[in-house]
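Only one structure is covered here, and it is reproduced in the block below.
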Amino acid sequence: MLLSCQQIRQVASLAVCLSALALLAACSAVSLVNALTPHTDYDAYPGLRYESGERHLLDVYEPKAPSGPSAGRPIVIFFYGGSWQEGERGDYRFVGEALASRGYVAVIPDYRLYPDVEFPAFMDDAAAAVSWARVHASAFGADPRRLFIMGHSAGAHIAMLLATDEHYLRLHGINTTNLAGAIGLAGPYDFLPLHDPTLEAIFPSTLRDTSQPIKHITGREPPIFLGVGTADRTVDPGNTMRLARRLTAVGDQFVLQRYPAVDHAMIVGSLARPVRALASFIAVAPVLNDISEFVDDHPGR
């Protein structure tokens, strides 16, 4: 049977996307996924400085398409993972594109890592990046009242600790009530006791209790979105479930999404445009759709 030109293009697209998905699952596809991610639907502003220091730079992705009234877009600050030891903002252009494709201004900062620093230095950096984003939101057509923080893995820990331990943001004149919401994907929120020497070095013993987002829940948190893959073998999904139970106990407003058969890499990998393209052929976790629904449902306070 002969295939039409359209069918040939679909098959070719599927083959490329399947290759990207397989590579991404093997943690070797960042450059390929970013190469397949379009550049045309956003304006990028790379390497903007939010504080002095080699790791105090961020990238901004501003949607090209108009979105509602002037300066009315949500702004989402995304913190990447890497066990608080590795990561580069440029590796997450696919996240910037994903958020911009939904009409959000995306901000992706670098922050200091172990062994150069230990906890809570990277929290101080994260709070400074949020402050920068809030001050500069309107310059990119965003509304500072629609400020969201988001992270994956160690980045989800950072985002959720900012949302629950308000002293980090207060040092920059921000209250957690200034956050429209916090989004955590596959994060470690309740990971004591430690059994790894490196983690013991990252989190000094006298500060470990304060490093746990679950210990700061009071019932006054901003709206929270928790996403977790049931096949995650890197960060125990129990972290998310325990945090959800604690949020329920104090009456906080939150959304919990569990993604069957999704592992640690693919919960963030599903945001990538090449992977999203697979949705026409196979089931792909609707992480971006769920995040978008959460953001759109929370206009800020």
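A compact table of results
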read-out: FRET efficiency for Leu207 and Lys64, using Cβ-Cβ distance with R0 set to 51 Å, rounded to 0.05; value: 0.75
read-out: Estimated FRET transfer efficiency when R0 is 25 angstrom, pair Arg170-Leu192 (beta carbons, to 0.05); value: 0.55
read-out: For Phe254, residues with placed amide H under 5 Å, excluding near neighbours; value: Ile224
read-out: Max mean-square fluctuation residue, GNM over the chain, Cα-Cα springs under 10 Å, options Ala127, Ala277, Ala139; value: Ala139
read-out: Region 140-235: trypsin sites (Lys or Arg not before Pro) falling in loop per DSSP and having at most 15 other Cβ within 10 Å; value: Arg220, Arg233
read-out: Average accessible surface area per residue within the chain, 1.4 Å rolling probe, Å²; value: 43 Å²
read-out: Helical mean residue ellipticity (222 nm; -39500 (n - 2.57) per DSSP H run of 4+; nearest 500) of the chain; value: -10500 deg cm²/dmol
read-out: Point-to-point label distance, Leu32-Thr218, nm (Cα→Cβ direction, 7 Å offset); value: 4.8 nm
read-out: Integer Hz, Karplus 6.51/-1.76/1.60 couplings in order for region 137-148, x for Gly and Pro; value: 3, 5, 5, 10, x, 10, 9, x, 6, 10, 9, 10
read-out: Rounded percent of accessible protein surface that carbon and sulfur make up, the chain, 1.4 Å probe; value: 53 percent
read-out: Distance (nanometres) between label positions extended 7 Å along Cα→Cβ at Glu200 and Met241; value: 2.9 nm
read-out: Reference-scaled alpha-carbon Rg (2.2 N^0.38 Å with N residues) for region 127-268; value: 1.05
read-out: Bridge type composition, region 146-265 - antiparallel percent by DSSP, nearest 5; value: 0 percent
read-out: For region 232-240, Karplus couplings with θ = phi - 60° (6.51, -1.76, 1.60), whole Hz, Gly/Pro x; value: 5, 10, 9, 10, 4, x, x, 4, 5
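The values are calculated or read from the model by the stated rules, or taken from the named source; none is laboratory data. Bear in mind that the values here come from a model prediction, so they are computed numbers and not experimental data. Please note: Cβ atoms are built from the backbone with ideal geometry, for glycine as well, and neighbour counts cover all protein chains shown. For accessibility, only protein heavy atoms count, side chains too; no ligands or nucleic acids. Shrake-Rupley method; radii C 1.70, N 1.55, O 1.52, S 1.80 Å.
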